[in-house]
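**Student:** Dropping a structure here in structure tokens format, bear with me for questions.
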Amino acid sequence: MQEDAMTTENRIKITDPERLTLLYERFRDVCLVEKEVWKEIFMPRDVTVGPVRTNFQDRYDVEIDDPLVEAALEANIPRGKEALGAAIHEYRAHLSFWKRAT
């Protein structure tokens, strides 16, 4: 699975549609738990061989390129999972996920 289209500052921008779908969902869930827009999320590390260890996680920076989009996402958090998910879907072009190099 190819994840990167751009590498900068020891970070890799995620562009793979499957991975992005998982990251949007994780971002939604973290925002709901934390009750605010969260700019850093963790995902269990992909392991293709050997045992899967859930204590190994990759860290992702979340970048939102427009303060109005961030405000709209923030406003949808109290409305619940479906409303926040719809807002994330609507504004997904303004969200980018950057995997930190390990």
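The values are calculated or read from the model by the stated rules, or taken from the named source; none is laboratory data. This is a predicted model, so every value here is computed, not measured. Here Cβ is always computed from backbone atoms with ideal geometry, including for glycine, and neighbour counts include all displayed protein chains. Please note that ligands, DNA and RNA were not included when accessible areas were found on the heavy atoms of the full protein model with its side chains. Shrake-Rupley method; radii C 1.70, N 1.55, O 1.52, S 1.80 Å.
**Student:** Would you confirm whether or not region 41-55 contains a residue that is exposed (fewer than 14 other Cβ atoms within 10 Å of the Cβ), under 12 Å from the mean Cα position of the chain (by Cα) and either at pLDDT below 95 or assigned to a loop (DSSP other than H, G, I, E, B) (or both)?
**Tutor:** Scanning region 41-55 turns up at least one residue that is exposed (fewer than 14 other Cβ atoms within 10 Å of the Cβ), under 12 Å from the mean Cα position of the chain (by Cα) and either at pLDDT below 95 or assigned to a loop (DSSP other than H, G, I, E, B) (or both).
**Student:** For region 7-26, what are the residues that are closer than 12 Å to residue 99 by Cβ, polar (S, T, N, Q) and modelled with pLDDT of 95 or more?
**Tutor:** 15
**Student:** If I ask for residues that are out of contact with any helix residue (DSSP H, G or I) (no Cβ under 9 Å at 6 or more places or on another chain), under 20 Å from residue 70 (Cα atoms) and either of a type in the set (Val, Ile, Thr) or open to solvent by less than 60 Å² (accessible area, probe 1.4 Å) (or both), which ones from region 9-30 would you list? Walk me through how you get there before you give the answer.
**Tutor:** Looking only at region 9-30, we keep the residues that are out of contact with any helix residue (DSSP H, G or I) (no Cβ under 9 Å at 6 or more places or on another chain), and these are 9-13, 15-19, 21-23, 26, 30.
Pick out the ones that are also under 20 Å from residue 70 (Cα atoms) and you get 13, 21-23, 26, 30.
Within region 9-30, 21, 23, 30 meet the criteria.
**Student:** Quick check: is even one residue across region 61-69 open to solvent by 60 Å² or more (accessible area, probe 1.4 Å), modelled with pLDDT of 95 or more, assigned to a loop (DSSP other than H, G, I, E, B) and over 18 Å from residue 19 (Cα atoms)? Don't jump to the end; show me each part of the working.
**Tutor:** We begin by selecting, within region 61-69, every residue open to solvent by 60 Å² or more (accessible area, probe 1.4 Å); these are 63, 65, 67-68.
So of that shortlist, the ones also modelled with pLDDT of 95 or more come out as 63, 65, 67-68.
Now restrict to residues that are assigned to a loop (DSSP other than H, G, I, E, B): 65.
Then keep just the ones that are over 18 Å from residue 19 (Cα atoms); that gives 65.
Yes, region 61-69 contains a residue that is open to solvent by 60 Å² or more (accessible area, probe 1.4 Å), modelled with pLDDT of 95 or more, assigned to a loop (DSSP other than H, G, I, E, B) and over 18 Å from residue 19 (Cα atoms).
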